[in-house]
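Notes for the one structure printed next.
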Amino acid sequence: MSFKWAKPYEPRHPLAKWLDERLPLPRLVYGAVGGGYPVPRNLNYWWNFGFSAGIFLTIQIITGIVLAMHYYSAADGAFNSVNQLIMRDVNAGWLLRYAHMNGASFFFIAVYIHIFRGLYYGSYKAPRELVWMLGLVIYLLMMATAFMGYVLPWGQMSYWGAQVITNFFSAIPVVGEPLRVWILGGYAPDQAALTRFFSLHYLLPFVIAGVVILHIWALHIPGSNNPTGVDVKDERDTLPFHPFYTAKDGWFCGAILLVYMLVTFFLPNYLGNPDNYTPANPLATPAEIVPEWYLLPFYAILRSFTADFILPAKLWGVLAMFSSILLLFFLPWLDRSPVRSGAYRPVFKRFFWLLIIDVIALGWVGGSPVKPLTVAVGQIASAYYFLHFLVILPLVSAFETPLPLPRSISESVLHGEEAEAAPTGSKPRRTKTATAAAE
């Protein structure tokens, strides 16, 4: 997209000109997030969570680097290095640890909202399939990083979480048990596993940052989606990213960071597990072994299989857990509706909110003790999760009658009301308001 207001980068200061001729980094930044990048003018606040996720990734990397300087990755000293050295002896170590611990939760909150926003507004549809897939790769890397980081304090829940989760790999025929031993470096979580998890936990955030750059790069080729799902037609449909969306992202991110700081200072352990403040004991199994809250829906799917059927129940659980994420990669081809935005798809909208309720139910089941009621709810919710993507979504996209789309982005925004309906792809009608705004 290249419009009249999108002026090329022109350095004025002699030092800026000298740098631009040799390393055009300011030109790259200007074209990526500055006044040279056109963005749909109707983006709402649900689009702010991508920027917020980037801020929390930065916080995690910075606090993680400092914490790694004081962490002792040994089975006989990891717990004390976290709860004694870092929390009491390092200057502001308690703040660094709580900021890192709660930063992970807020990172996942921002990413989950970002994902569900993409699901509702059809951001996975052509031509943004690769943007969606790179986002899912980021999410998978986040899950791996979070799991390994959960092990590092070497408390009771850390140890037994590593024991239980890695034990599910042994359900895979032939290669399962050798794979588990290779991951742990032994037959049970110990020094080798702790060293490996610490190394990977330190490395993977930088890999995530690299994939985030690819994600943004891929987004800049087709441009951002918008709440109407209508393609950008001319310069009236867009605004420069700076200063309009930098200001909007900036104040919204400040509000999110305020909530984050309130939790960090006043409720630092609210999202954690109290068992992790007890040193790891391989001889004492906790009453309930659960992962962190952001992994609970997948843990519920994992343990929803309670009976063998052709294959062992544990293997079914492992396959279902991985499939629940992998099927999202095929979403652009499962949903064949020509309309992107859920705002114009009345049937899709109802099933979308049912999916939200279903995922919340899975999270509740994953964090609850194993009882007949929770097992039954987990099985129903797991079945609906797969039914939604594999059956309901393709059927809805085939038979649903969507609402009429606005003619253009600018017309629907500048009127202050819904634009007059028109077939998708029709030429936008220039109104007095739009003409005045363009001039």
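The values are calculated or read from the model by the stated rules, or taken from the named source; none is laboratory data. It should be emphasised that the depicted structure is a prediction, and the values quoted were computed from it without experimental measurement. Virtual Cβ from ideal backbone geometry, glycine too; neighbours counted across all protein chains shown.
Below is a table of values for the structure above.
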quantity	calculated
Residues of the range 271-293 that turn out to be among the aromatic types (Phe, Trp, Tyr) and touching a Ser or Thr at 6+ places or on another chain (Cβ under 9 Å), as a count	1
Yes/no for Asn167 being crowded, with 23+ Cβ neighbours inside 10 Å and either out of contact with any His (no Cβ under 7 Å at 6 or more places or on another chain) or outside any helix (DSSP H, G or I) (or both)	no
Residue that is modelled with pLDDT of 90 or more and assigned by TED's automatic domain parsing to the domain that holds Tyr384, where the choices are Phe298, Phe309, Phe329	Phe329
Residue in the range 226-249 that is in contact with a Ser or Thr (Cβ under 8 Å, 6 or more places away or on another chain), modelled with pLDDT of 95 or more and either surrounded by fewer than 19 Cβ atoms within 10 Å (Cβ to Cβ) or within 16 Å of Met148 (Cα to Cα) (or both) present	no
The one condition in (1) farther than 22 Å from Leu295 by Cα; (2) surrounded by fewer than 18 Cβ atoms within 10 Å (Cβ to Cβ); (3) in contact (Cβ under 8 Å) with a residue 60 or more places away in the chain; (4) aliphatic (A, V, I, L, M) that Ala78 fails to fulfil	(2)
Residue match in the range 112-124 (condition: touching a helix residue (DSSP H, G or I) at 6+ places or on another chain (Cβ under 6 Å), outside any helix (DSSP H, G or I) and touching a residue at least 24 places away in the same chain (Cβ under 8 Å))	yes
So Ala146, is it more than 15 Å from Ala53 (Cα to Cα), hydrophobic (A, V, I, L, M, F, W, C) and in the same structural domain as Ala53 (by TED's automatic domain parsing)	no
Filter pass, Ser341 being crowded, with 16+ Cβ neighbours inside 10 Å and over 29 Å from the mean Cα position of the chain (by Cα)	no
Residue within the range 150-163 that is closer than 27 Å to Phe330 by Cβ and either touching a residue at least 12 places away in the same chain (Cβ under 8 Å) or touching a Lys or Arg at 6+ places or on another chain (Cβ under 9 Å) (or both) present	no
Condition met for Leu393 (surrounded by 14 or more Cβ atoms within 10 Å (Cβ to Cβ) and out of contact with any Asp or Glu (no Cβ under 6 Å at 6 or more places or on another chain))	no
Residue within the range 65-74 that is among the hydrophobic types (A, V, I, L, M, F, W, C), surrounded by fewer than 21 Cβ atoms within 10 Å (Cβ to Cβ) and outside any helix (DSSP H, G or I) present	yes
Checking Pro297 against (1) surrounded by 16 or more Cβ atoms within 10 Å (Cβ to Cβ); (2) farther than 27 Å from Val174 by Cα; (3) over 24 Å from the mean Cα position of the chain (by Cα), the condition it does not meet	(3)
Total residues in the range 6-61, condition more than 24 Å from Ile138 (Cβ to Cβ) and of a type in the set (A, V, I, L, M)	5
Those helices (runs of 4 or more DSSP H) lying entirely in the range 299-394 with at least 2 residues in contact with a helix residue (DSSP H, G or I) (Cβ under 8 Å, 6 or more places away or on another chain) and of a type in the set (Ser, Thr, Tyr)	313-326, 372-387
Tally, over the range 247-269, of residues that are over 16 Å from Phe56 (Cα atoms) and either within 21 Å of the chain's Cα centre (by Cα) or not assigned by TED's automatic domain parsing to the domain that holds Gly54 (or both)	1
Residue among Ala193, Ala188, Ala162 that is over 23 Å from His114 (Cα atoms) and not in a helix (DSSP H, G or I)	Ala188
Residue among Leu184, Leu203 that is aliphatic (A, V, I, L, M), at pLDDT 90 or above and surrounded by 18 or more Cβ atoms within 10 Å (Cβ to Cβ)	Leu184
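Condition check ((1) surrounded by fewer than 20 Cβ atoms within 10 Å (Cβ to Cβ); (2) at pLDDT 95 or above) across all residues:
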site	(1), (2)
Gln84	yes, no
Trp94	yes, yes
Arg97	no, yes
Met101	no, yes
Ala104	no, yes
Phe108	no, yes
Val111	no, yes
His114	no, yes
Gly118	no, yes
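Here's the yes/no breakdown for (1) at pLDDT below 90; (2) within 22 Å of the chain's Cα centre (by Cα):
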site: Arg22; (1), (2): yes, no
site: Pro26; (1), (2): yes, no
site: Gly36; (1), (2): yes, no
site: Asn42; (1), (2): no, no
site: Ile59; (1), (2): no, yes
site: Phe79; (1), (2): no, no
